[in-house]
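Values in this text are rule-based calculations from the coordinates and carry no lab data. Fair warning: this is a prediction, and the values are worked out from it, not measured in the lab. Because the Cβ atoms are built from the backbone with ideal geometry, glycine has one as well, and the counts that use them run over all protein chains shown.
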Amino acid sequence: MNTTSHMQHQQPKDVREVRLNLIGFGNVGKALARILLDKGDEFRMSNRAVFKVTAIATGRHGYVVDPHGVDLARILSILASGEPLGGCSGRQVHPEAVLNIIKNAPGDAVVEMTPLNHETGEPAISYVKAALAAGKHVVSANKGPVALAYSDLACLAARHGLQFLFESTVMDGAPIFNMARYCLRGTRILGFKAILNSTTNFILGEMEKGCSFHDSIIEAQNEGFAEADSSMDIDGWDAAVKTAALSNVLLGVKITPRDVKRTGIRDVKQPDVAKALEEGKRIKLVAEAGFGGLEAGQELSGGCPDTFYAVVRPVYVDKASIFGQVNGATSCLVLKTGLMGDITLIEHAPTLTQTAYGVLNDLLEIADEI
């Protein structure tokens, strides 16, 4: 008997099936689907988890529900051909139809991956609430619910005995929230400082090469760093949303992006960037939040909400500093803690795979609970 071959095909005991409803199926959703297709056997053997997608709802390409499991390879092929999934008379899927899927499709967890609405967080917040009310765990790749309604959603999840996880909302798959939850027990996070927006980082880098602000935006669009309308990035909204999300979860405050004092890079001129370089510095769009007057080693007492600050703005950083070495799509986060001092996380030029991994990691945590 070939013992090695037998062990490779032997199924582990107590494999848990986790039925997934995928709400939103853009680039991150497709990347997640590919991971599930490529690594499914590995998850079954190593993590004792089998993920079965029972519903997919897209924004503009219809939806599909199958209690026996959706054929992900076929779905990817259909969408690649430009054809809709069906499920409705047109391609557009109304939020009410999505809510109906969340409430009625068989599933253990909803994966919310719809586009960000930085003003209201809708319809994503309603989707998360509906999922929790239906007894389903939630994984969100959307910053909106965390930035605009984290406290309410976390309380709702706890009340139902469910998980509300969102690792990929900030810095893709980098384990920010998991590290805070599992590795920083017994201390407080007093604040953070970060470079969180790749578009502005790229634009400022192009301006250092002598390009004008306008030409740098065009180059960012050509390289895939910027959307046709890049105002969310340039005016600091993307960084403000991430700052609010980090603040709500890590610092225990209750703010929205509008509470973040925000200055984008629109008024930064090429001569400003050149002068900074001459002085051994660089201009970076930096997000920062914390409690005023607290130094590393001090513990926070009673929350001190009146001393809290959150700001996004262009600042001068030394070229030799950690932030001075952050280029392009790379992100950097420095956590200021009470007992562990400063902790720095750097994610170098992430791709969609890293973002999808953040979702997957949350799903594996949910699988442990089922």
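Structure values in brief
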{"item": "Net charge contributed by nearby residues that have their C-beta within less than 9 Å of Ile370 (K/R +1, D/E -1)", "result": "-3"}
{"item": "Within the chain, percent of DSSP bridges classed antiparallel, to nearest 5", "result": "60 percent"}
{"item": "Net charge, Ala220 excluded, C-beta distance under 9 Å - Lys, Arg +1, Asp, Glu -1", "result": "-4"}
{"item": "Gain on full stretching of the segment that runs from Arg266 to Tyr182 - 0.36 nm per residue minus C-alpha separation", "result": "26.3 nm"}
{"item": "Alpha-carbon Rg/Rh ratio, for the range 136-230, with Rh computed the Kirkwood way", "result": "1.12"}
{"item": "Total formal charge among the other residues, if their Cβ is under 12 angstrom from that of Arg282, Lys/Arg +1 and Asp/Glu -1", "result": "-1"}
{"item": "Computed lengthening from His214 to Asp152, 0.36 nm per intervening residue step minus Cα-Cα distance", "result": "18.2 nm"}
{"item": "Greater than 29 Å apart at Cα, pairs in Lys242/Lys269; Lys30/Lys281; Lys143/Lys284; Lys30/Lys269; Lys129/Lys284; Lys30/Lys103", "result": "Lys30/Lys281; Lys30/Lys269; Lys129/Lys284"}
{"item": "Efficiency of FRET from Cβ geometry, Leu345 and Arg258, R₀ 22 Å, rounded to 0.05", "result": "0.25"}
{"item": "Highest-fluctuation residue, Ser321, Ser151, Ser198 considered, GNM on the chain with Cα pairs under 10 Å", "result": "Ser321"}
{"item": "When the range 59-178 is reduced to its Cα atoms, the Kirkwood hydrodynamic radius in Å", "result": "15.3 Å"}
{"item": "Label assignment, P(r) over Cα pairs in 20 Å bins from 0, in percent derived from the structure, set (1) 24, 50, 23, 3; (2) 28, 59, 13; (3) 27, 54, 18, 1", "result": "(3)"}
